[in-house]
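All remarks here apply to the structure that follows.
Values in this text are rule-based calculations from the coordinates and carry no lab data. On a predicted model such as this, the values are computed, not experimentally measured, just so you know. Cβ placement follows ideal geometry from the backbone for every residue including glycine, while neighbour counts extend to all protein chains displayed.
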């Protein structure tokens, strides 16, 4: 997951480099006489990693625009907290200062997408990111025996 502008710039550079590598690999495999189908299978791992990076870059760009969207599972709360910080333009260092913790703690927490965070700590983070709030809506679908949690 991209968590700051430096990582974003590095990811964009990697995308461009990956595109060149993919094209070179295609040419190499074609020069060895492989069919288009064989070439496609051969570069599939490269394409998969490339697509994952594309999705991460697109996510970061969307978040920077303030388009955080909806989470459909409480397990995505950590990613939502990271998105709130990024959308607000706040750095990890600034958030750490507001929370009275070290920047390394925020970096570690975000790297782990706040896995295992308490609701009280999540609320402190939301409060520290001025202008942010999380709205939780629980829906029950009687045709499904499990309730759906939707955070907006």
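Take 135, 126 and order them by how many other Cβ atoms sit within 10 Å, fewest up front.
Listing 135, 126 from fewest to most nearby Cβ atoms yields 135, 126.
Can you give me the angle between helix 5-31 and the longest principal axis of the chain, using Cα atoms only, in degrees from 0 to 90, rounded to the nearest 10?
20 degrees
What list do you get for 8, 140 if you sort them by fewest beta carbons within 10 Å?
140, 8
How high is the FRET efficiency from residue 101 to residue 141, r the C-beta distance, R0 25 Å, rounded to 0.05?
Details: r = 39 Å, r/R0 = 1.58.
My answer for the efficiency is 0.05.
Relative to the longest principal axis of the C-alpha atoms of the chain, give the angle of the C-alpha long axis of helix 36-64, reported between 0 and 90° and rounded to the nearest 10°.
Here the helix axis deviates by roughly 30 degrees.
Provide the packing ranking of 30-41, 97-108, i.e. peptides ordered by the mean count of other C-beta atoms within 10 Å per residue, highest first.
Per-residue mean Cβ counts within 10 Å order the peptides as 97-108, 30-41.
May I ask for the angle, rounded to the nearest 10°, between helix 119-128 and the longest principal axis of the chain, with both axes built from Cα atoms and the value confined to 0 to 90°?
90 degrees
Considering the Cα positions of region 96-136, please state its Rg to one decimal place and its Dmax as a whole number of Å.
10.4, 29
Take the alpha-carbon centre of region 65-104, take the same for region 1-32, and report the distance between them in whole Å.
So the two Cα centres are separated by 28 Å.
Given a 10 angstrom Cα cut-off, can you work out which residue in 138, 54, 12 is the most mobile in a GNM of the chain?
Sorting by GNM fluctuation, first place goes to 138.
Of the listed values (i) 10.1; (ii) 12.3; (iii) 11.0, grab the one calculated as mean projected area of the Cα convex hull in nm² from the structure here.
Correct label, based on the coordinates given: (ii).
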